[in-house]
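Report on one structure; see the data block that follows.
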2 protein chains.
Amino acid sequence: MNAIDRLKNKGIKKTAHRLMFINILQKSAVALTEEDIKQDMGELYDRITFYRTIQTLLSAGIIHRIVIDNKNVKYALSEIAFRNHQHMHFFCKICHTVACIGEVPSYDYGLPTGYKGEEYEVLIKGICPNCG
Amino acid sequence: MNAIDRLKNKGIKKTAHRLMFINILQKSAVALTEEDIKQDMGELYDRITFYRTIQTLLSAGIIHRIVIDNKNVKYALSEIAFRNHQHMHFFCKICHTVACIGEVPSYDYGLPTGYKGEEYEVLIKGICPNCG
DNA sequence: GTTCAAATGAAACATTGTTTCATTTGCTTT
DNA sequence: AAAGCAAATGAAACAATGTTTCATTTGAAC
């Protein structure tokens, strides 16, 4: 789905800033940091608009925020959302790339009685093929 | 192990601020936010010292930072570290409590060829017994 | 094209992260 | 116990990030 349709689907206005934001994520195979996206935007980047664009796209469900730890926060389009949606994710300790590596195996995780599990996230940290 | 021994073990000075920080975590069954700890500290709290205490205790390995998402960051003593060390963790969507719920099952997670997994983290989000 | 609600971007303010440095504290040696 | 020294503290100040306000501009519906 293209950027225009993504916005139209959610009934929010298609502005230059939002379209560029989505297009940058669309072109990337991996999740991107704010800095990555900012760089790609060049002079269209504006700090306040950027801040609000993230909020808008997040609450519209068009993008997802992926928090590995307090120093590694990334964004991805919801289709290829790395955390949530029962996907497993791999974080490379060297290049800090986040990759989706398939579905969370659905088997018994042994949740104690009383707990109601709704989302299962598996994050594997290690060395990716490029760095290994 | 008590707070004094924890510091002595790592060869760092036992100061009032550090001892109080560790004791607060020690008394808690769940991981705590900065705000939680700050509240417990009362007037001994100091913003800059607190910031540095966290850095010191983290790099000494006495405490661990647990990042659920960008709005939920918690701290726990390393023994009961919730993420890392192959523990599974449960995050309650209602009360935002983080609880350790046992070991990560060691079975084949199906890591694609080329990837070298070193740490496996499982985070289950849902409703805890208190809120369910 | 006109209209109106929504988005923008400038300014300003709030919060959090971090460094600098003079003072104090904890720990070692005597 | 006292002295000496390196480390920790806390005040000040600065940097980076998060957020609101408001006048202006833009997108989309008519």
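For the range B:32-77, how many residues meet the condition of being under 17 Å from residue B:95 (Cβ atoms) and surrounded by 13 or more Cβ atoms within 10 Å (Cβ to Cβ)?
10
The single condition among (1) modelled with pLDDT of 95 or more; (2) assigned to a loop (DSSP other than H, G, I, E, B) that residue B:105 does not satisfy is (1). Scanning the range A:11-27 for residues that are assigned to a helix (DSSP H, G or I), under 14 Å from residue A:58 (Cβ atoms) and within 11 Å of DNA strand D (Cβ to nearest atom) yields a count of 1.
In the range A:31-38, the count of residues that are closer than 16 Å to residue A:98 by Cα and either assigned to a loop (DSSP other than H, G, I, E, B) or not assigned by TED's automatic domain parsing to the domain that holds residue A:75 (or both) is one or more.
Looking at residue A:3, is it surrounded by 12 or more Cβ atoms within 10 Å (Cβ to Cβ), within 14 Å of DNA strand C (Cβ to nearest atom) and under 29 Å from residue A:90 (Cβ atoms)?
Yes; evaluated as a whole, the condition is true for this residue.
Residues that are modelled with pLDDT of 95 or more and of a type in the set (D, E, K, R) within the range A:50-73 comprise just one, A:52. Selection of first residues in the range B:45-69 that are in contact (Cβ under 8 Å) with a residue 24 or more places away in the chain and of second residues that are part of a loop (DSSP other than H, G, I, E, B) and surrounded by 19 or more Cβ atoms within 10 Å (Cβ to Cβ), restricted to Cβ pairs under 6 Å at least 6 apart or on distinct chains, gives the following pairs, ordered by first then second residue: B:66/B:31; B:66/B:82; B:66/B:83.
What are the residues in the range A:102-114 that are within 8 Å of chain B (Cβ to nearest Cβ), surrounded by 13 or more Cβ atoms within 10 Å (Cβ to Cβ) and closer than 16 Å to residue B:104 by Cβ, if any? Answer for the range A:102-114, where residues must be within 8 Å of chain B (Cβ to nearest Cβ), surrounded by 13 or more Cβ atoms within 10 Å (Cβ to Cβ) and closer than 16 Å to residue B:104 by Cβ: A:105, A:109, A:111. Residue B:76 meets all of the listed conditions (1) within 13 Å of chain A (Cβ to nearest Cβ); (2) part of a strand (DSSP E or B) but one, namely (1).
The values are calculated or read from the model by the stated rules, or taken from the named source; none is laboratory data. These figures come from a predicted structure and were not determined experimentally. Reconstructed Cβ throughout: ideal geometry from the backbone, glycine too, with neighbour counts over all protein chains shown.
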